Amino acid sequence: MRNRSCTDLPSYYAPSPGAWLKNDRPYPLEVYDITSLHFHDTLELGVCSEGQGVCRVEDREYPFCEGDVQVIFPFQNHLSRSEGGRQSKWYWVNLDPLDVLGTWGAPELGRLEQMLREKMGLCGILDRKKYPFLCELVRHVVLPGEETRRLVSLYALIVELAKVSSDLPKLSLSPARHFSRLLPAIEQMQSRLEGDLSTGVPAMAEACGLSCVQFRRDFLAAMGCSPQQYTLNCRMQKAQRLLLLTDRKITDIALAVGYQDASGFNRCFREHFGVSPRQLRQRGKE
């Protein structure tokens with residue numbers, strides 16, 4: 001089994017966006033170094049409409065260019081970045097396929113669930129020459145179009161992915177142990193990263209119905225780091241995005257991610273990324 005814990009980079013949970021059918025325009029993909037990964041509890045499908053770059057899934061990197069498609073399963077650590085000096089653009093959908101297909105009334109949901117849990121071996125950027133039918137199905141699901149066609153294509157995509165994965169090592173797609181129980185605290189933590197609103201361990205443990213000792217133990221088992229380190233990782237990733245995607249002053253960014261002074265922020269940022277905030281911003285403009 002290939003497992004989502006095989007990367008040496010920090011990772012964090014990223015809640016998925018809402019309604020999967022509402023993706024009527026491509027989104028730009030930022031240009032910055034892959035210093036951390038994230039994962040969802042949903043299936044992520046994508047189609048590159050412009051540009052080029054690299055997609056990292058766990059410890060493997062896949063180059064991509066215009067026309068390529070992406071398949072990322074729930075709980076797989078991943079991140080994509082643009083290359084070539086400009087932003088690539090993507091259409092993406094995030095969905096729970098069993099929920100979507102069950103609402104539609106698709107048959108044999110039990111069989112589909114078994115396929116998703118036990119039969120999958122192909123992920124990342126799909127080879128267009130080797131898997132032309134799979135790539136076309138992903139496009140039918142992701143790109144704007146008639147709803148029934150997209151749902152039929154989603155059903156066929158799951159079946160075809162299981163078929164072509166028959167001779168491949170199988171992915172381990174279960175959530176990390178205790179993850180579901182910790183989700184209230186993780187969502188609380190990510191929603192309160194500004195100013196002095198960060199959540200302490202007692203409040204997070206209470207949100208999960210756990211003692212502080214059990215919460216810390218379960219969090220380390222599920223996320224591979226302490227709650228404090230996870231909060232720091234989330235703060236640093238938010239700071240990185242603000243530095244590269246906005247013109248806000250560094251002192252303002254420090255406040256936005258919970259630091260009361262720029263010196264403390266600069267020190268933590270350098271320890272995390274190996275460069276200062278100013279150096280990272282300058283490198284992003286090169």
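The values are calculated or read from the model by the stated rules, or taken from the named source; none is laboratory data. Just so you know, these numbers come straight off a predicted model, no measurement behind them. Backbone-built Cβ (ideal geometry, glycine too); neighbour counts: all protein chains shown. For the accessible areas, the whole protein counts, side chains as well, though only heavy atoms, and no ligand, DNA or RNA atoms are used. Shrake-Rupley method; radii C 1.70, N 1.55, O 1.52, S 1.80 Å.
Assorted remarks:
- Being loosely packed, with under 15 Cβ neighbours inside 10 Å and either in contact with an Asp or Glu (Cβ under 7 Å, 6 or more places away or on another chain) or of a type in the set (Ser, Thr, Tyr) (or both) is a condition met by no residue of the range 115-126.
- Taking the range 21-104 and the strands (runs of 3 or more DSSP E) fully enclosed by it, the elements with 3 or more residues that are touching a Gly at 6+ places or on another chain (Cβ under 9 Å) are at 43-50, 52-57, 60-65, 69-72, 78-83, 88-95.
- Subset of the range 226-265 [small (Gly, Ala, Ser), crowded, with 17+ Cβ neighbours inside 10 Å and under 18 Å from Leu37 (Cα atoms)]: Ala239
- Test result for Gly209, at pLDDT 80 or above, more than 22 Å from Gly274 (Cβ to Cβ), not polar (S, T, N, Q) and not in a helix (DSSP H, G or I): yes
- Test: residue in the range 17-30 that is at pLDDT below 70, among the aromatic types (Phe, Trp, Tyr), surrounded by 16 or more Cβ atoms within 10 Å (Cβ to Cβ) and over 17 Å from Ser82 (Cβ atoms): yes
- When we screen Glu83, Glu50 for residues that are modelled with pLDDT of 80 or more, open to solvent by 60 Å² or more (accessible area, probe 1.4 Å) and touching a Lys or Arg at 6+ places or on another chain (Cβ under 7 Å), the only hit is Glu50.
- Of all residue pairs spaced 6 or more apart or on separate chains, those with beta-carbon atoms under 6 Å, a first member in the range 150-163 that is free of Cβ contacts under 8 Å to residues at least 24 places away in the same chain and a second member that is surrounded by fewer than 20 Cβ atoms within 10 Å (Cβ to Cβ) are Ser153/His140.
- Taken over the range 211-225, residues that are open to solvent by 50 Å² or more (accessible area, probe 1.4 Å) and closer than 27 Å to Glu30 by Cα amount to 1.
- Total residues in the range 42-68, condition touching a residue at least 60 places away in the same chain (Cβ under 8 Å), farther than 20 Å from Leu154 by Cβ and hydrophobic (A, V, I, L, M, F, W, C): 3
- Condition broken by Leu137, with the remaining ones in (1) of a type outside the set (Val, Ile, Thr); (2) touching a residue at least 24 places away in the same chain (Cβ under 8 Å); (3) under 21 Å from Asp68 (Cα atoms); (4) in contact with a helix residue (DSSP H, G or I) (Cβ under 8 Å, 6 or more places away or on another chain) satisfied: (2)
- Identity of the residue in the range 234-279, in contact with a Phe, Trp or Tyr (Cβ under 6 Å, 6 or more places away or on another chain) and in a helix (DSSP H, G or I), that ends up modelled with the lowest pLDDT: Leu244
- Test for Val201: is it of a type in the set (Val, Ile, Thr) and in contact with a Lys or Arg (Cβ under 6 Å, 6 or more places away or on another chain): no
- Filtering the range 127-176 to residues that are assigned to a helix (DSSP H, G or I) and charged (D, E, K, R) leaves Glu136, Arg139, Glu147, Arg149, Arg150, Glu160, Lys163.
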